[in-house]
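The values are calculated or read from the model by the stated rules, or taken from the named source; none is laboratory data. Because the structure is predicted, anything quoted here is derived from the model rather than measured. So basically every Cβ, Gly included, is an ideal-geometry build from the backbone, and we count neighbours across all protein chains shown. For the accessible areas, the whole protein counts, side chains as well, though only heavy atoms, and no ligand, DNA or RNA atoms are used. Shrake-Rupley method; radii C 1.70, N 1.55, O 1.52, S 1.80 Å.
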Amino acid sequence: MGTILIVAELKDGSVREASYELAAFANKIGGDVKSLVIGSGVAGEAESFAKKGGGTVYVADDASLANYNVDGYSAAIRAAIDASGADTVLISNTPTGWDVAPRIAAALDAAFVSDVFNFEDGAYIRRVFNGKLDARVKVAGDKAVVTVQPGALPAFEGSTDGSTETLAVDTSGARAKFVETKVAEAKGVDLTKADVIISGGRGVGDPEKFTEVIQPLAEALGGAMGASRPVVDAGWLPHEYQVGSSGQVVTPKLYVACGISGAIQHLVGMKGSNFIIAINKDPDAPIFEVAQLGVVADLFEVVPALTAALAEAKG
Amino acid sequence: MKILVCMKQVPHQDARLDIDGDGTWIKEDGIKFEINSYDTFALEEALRIKDAGEAEVVVVSIGPDRVTQALRTALGMGADRAVHVNDDAVAGSDALAIAKLLAAVAKEESPDLVLMGLMSDDGNATAVAPMVAELMGIPSATGVMKAEAEGDGYRCERELEGGALEVVDLPTPCLIAVQSGLNQVRYASLKGIMAAKKKPIDTKGAGDLGLADQVGTAAAKAQIEKIYQPAKGEGAEIIEGSTDEVVSQLVGKIKELGLL
Ligand SMILES: Cc1cc2nc3c(=O)[nH]c(=O)nc-3n(C[C@H](O)[C@H](O)[C@H](O)COP(=O)(O)OP(=O)(O)OC[C@H]3O[C@@H](n4cnc5c(N)ncnc54)[C@H](O)[C@@H]3O)c2cc1C
């Protein structure tokens, strides 16, 4: 059994839930678990993580690490790998994780497996083709860097008999410079308050169809329109309509997904809805896994007919 | 200034995904391919920098003969020349081997800026871009929604969760991996497509880049053992029938939810 290094991530001064999930994941893989906490003034959090899944926690505590910086974090992670002798490094697949983890793998000439959601019979399981297929990935060689999908496994809840160790990190070679964090702008459209959301995806095809097909259904139910990311990327609707990990997280009474495949980044934004109806012409679309009711059909037939029937039902 | 854009050709987003004979990838014959969506935004960003001043835009892609199509499209959109790493030995490579090939091409080109997409629509690995930067020894930023020349480098806005942004300065040479939606991607004009026919595509093999023993299935440190349809849970109750029947059941459900 080898040594697993968990790279914990702090958010607003506390270790994120996703880091406790890494602790659970490390136990699933099996091995000697050690961790790294990076930041400035983070000794307290490191102490507490050591007792709640982190094990031996290396603490890279430096003013230059107060904010995320790819070079500084990279130096800290590599120092912790050296200190721990880890052969497997676990990092959450967050904006920080996907920015730094591949650099570590390349620097170590190690195997890299990203966004995994499970470990089964010696292989990592991850989703490919935007959620449509799964892949079992085996690691060859003696070192691996693995990023783990947040929310995939329940967080570690037991206690561990850990302690902290100060890790000296030289961040003087950092080239990338953190400037500031800009918080998300207040939204003109607050989808989080809507009871009904009729969302359209790339399958809607063009912006006119949103006005002709999606909007009338939303109006018939007194609801709001929503969208998947490609719709916003293409400029069909403004960002405030976007549902998902980089948009809004919504929990309406009814969410209707029209022409949306159901990639994980969309699902995290709407799977908490009270009731989900999916309309998609692909019977294998992953959206049907989170929906309660599904219609495998052309949305351009079903949606206008539904709008008309609702008008009739209301009399 | 020189900009290198690394792009991947991937199965079209609406292509049928049938699993191949040995169960490790999809059947590629008979399906349509396209430039990875994230990479189209990277290419567009490069072309905008070119349009705004003096820049040479070089595109590089790794893959079999079909990749020529993607390179021709990029040249048609305005890239100046292309490098095609076309070598059967590369099949089955993992992300790290691909990054080594791209970094080797980049070392030959020595660009001021490398632009790539955050991830690919097929493998979804978000792996290659930071690896290329590490192997080149240059700084990088991923998930970039805005990049502007500033001082001796680029000021990048990285997308965080929920729409927050992290602003970071990178001195050049540097690598920027863009997030989808940072610009509106142009189409190749007819004139552009005609002009592209005369633009050079330089073809290389792994051996030319000194990497013959570091690519392919045998060298892969992360290997796909199997791909398969995700296990289906309980899933949705699927309503069958004519449009009228489907609609009447939907109306019934909406009433039951008290939303009518
Ligand atoms: C860091 C990061 C953050 C992201 N954040 C988000 C986010 O916040 N929100 C988000 O949505 N995505 C996000 N994404 C993108 C995500 O990975 C997917 O690419 C996206 O959700 C796909 O959108 P879609 O389902 O509309 O398109 P596709 O996946 O292309 O699906 C279109 C669907 O429409 C169906 N269809 C086509 N025509 C019809 C028709 N006539 N009738 C019925 N069905 C039809 C097809 O069968 C298909 O299932 C993010 C990605 C990354 C990497």
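General observations
- Against the numbered list (1) more than 9 Å from the ligand (Cβ to nearest atom); (2) touching a strand residue (DSSP E or B) at 6+ places or on another chain (Cβ under 9 Å); (3) assigned to a loop (DSSP other than H, G, I, E, B); (4) over 22 Å from A:GLU312 (Cα atoms), A:GLY235 comes up short only at (2).
- Meets criteria (within 10 Å of the ligand (Cβ to nearest atom) and either open to solvent by 10 Å² or more (accessible area, probe 1.4 Å) or in contact (Cβ under 8 Å) with a residue 24 or more places away in the chain (or both)) for A:LEU267: yes
- Total residues in the range A:4-32 satisfying the condition of being β-branched (Val, Ile, Thr) and open to solvent by 20 Å² or more (accessible area, probe 1.4 Å): the figure is 1.
- Verdict on B:GLY241 being more than 23 Å from A:ALA285 (Cβ to Cβ) and at pLDDT 95 or above: no
- Residue within the range A:151-166 that is free of Cβ contacts under 8 Å to residues at least 12 places away in the same chain and either basic (Lys, Arg) or surrounded by 18 or more Cβ atoms within 10 Å (Cβ to Cβ) (or both) present: no
- Subset of the range A:193-224 that is within 12 Å of chain B (Cβ to nearest Cβ) and charged (D, E, K, R) - its residue that is nearest to the ligand (Cβ to nearest atom): A:ARG202
- Cβ-Cβ under 6 Å pairs, at least 6 apart or on other chains, the range B:179-198 side farther than 17 Å from B:ALA46 by Cβ, far side open to solvent by less than 60 Å² (accessible area, probe 1.4 Å): B:ILE193/B:GLY76
- Among the candidates A:VAL146, A:VAL89, the residue that is open to solvent by less than 30 Å² (accessible area, probe 1.4 Å), farther than 21 Å from B:CYS174 by Cβ, within 13 Å of chain B (Cβ to nearest Cβ) and not in a helix (DSSP H, G or I) is uniquely A:VAL146.
- Looking across the range B:165-178, the residues that are more than 7 Å from chain A (Cβ to nearest Cβ) and part of a strand (DSSP E or B) come down to B:CYS174, B:LEU175, B:ILE176, B:ALA177, B:VAL178.
- Residues that are under 11 Å from A:VAL137 (Cα atoms) and either at the interface with chain B (Cβ under 9 Å from one of its Cβ atoms) or in contact with a Ser or Thr (Cβ under 9 Å, 6 or more places away or on another chain) (or both), drawn from the range A:110-126: A:ALA111, A:PHE112, A:VAL113, A:SER114, A:VAL116, A:ALA123, A:TYR124, A:ARG126
- Pair list, Cβ under 6 Å, 6 or more apart: the range A:271-293 residue in contact (Cβ under 8 Å) with a residue 24 or more places away in the chain, other residue within 13 Å of the ligand (Cβ to nearest atom) and open to solvent by 70 Å² or more (accessible area, probe 1.4 Å): A:VAL290/A:LYS271
- Among the candidates B:GLY181, B:GLY162, B:GLY143, residue that is part of a loop (DSSP other than H, G, I, E, B) and more than 26 Å from B:ARG81 (Cβ to Cβ): B:GLY181
- Of the strands (runs of 3 or more DSSP E) contained entirely in the range B:1-86, those carrying at least 2 residues that are of a type outside the set (D, E, K, R) and crowded, with 20+ Cβ neighbours inside 10 Å fall at B:2-6, B:9-11, B:56-62, B:81-85.
Residues are listed down the side, and each one gets a yes or a no for (1) more than 13 Å from the chain's Cα centre (by Cα); (2) within 16 Å of the ligand (Cβ to nearest atom); (3) of a type in the set (Val, Ile, Thr); (4) within 19 Å of A:ASP99 (Cα to Cα):
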| position | (1), (2), (3), (4) |
| --- | --- |
| B:ASP65 | yes, no, no, no |
| B:GLN69 | yes, no, no, no |
| B:LEU101 | yes, no, no, no |
| B:LEU113 | yes, no, no, yes |
| B:ASP121 | no, yes, no, yes |
| B:GLU134 | yes, no, no, yes |
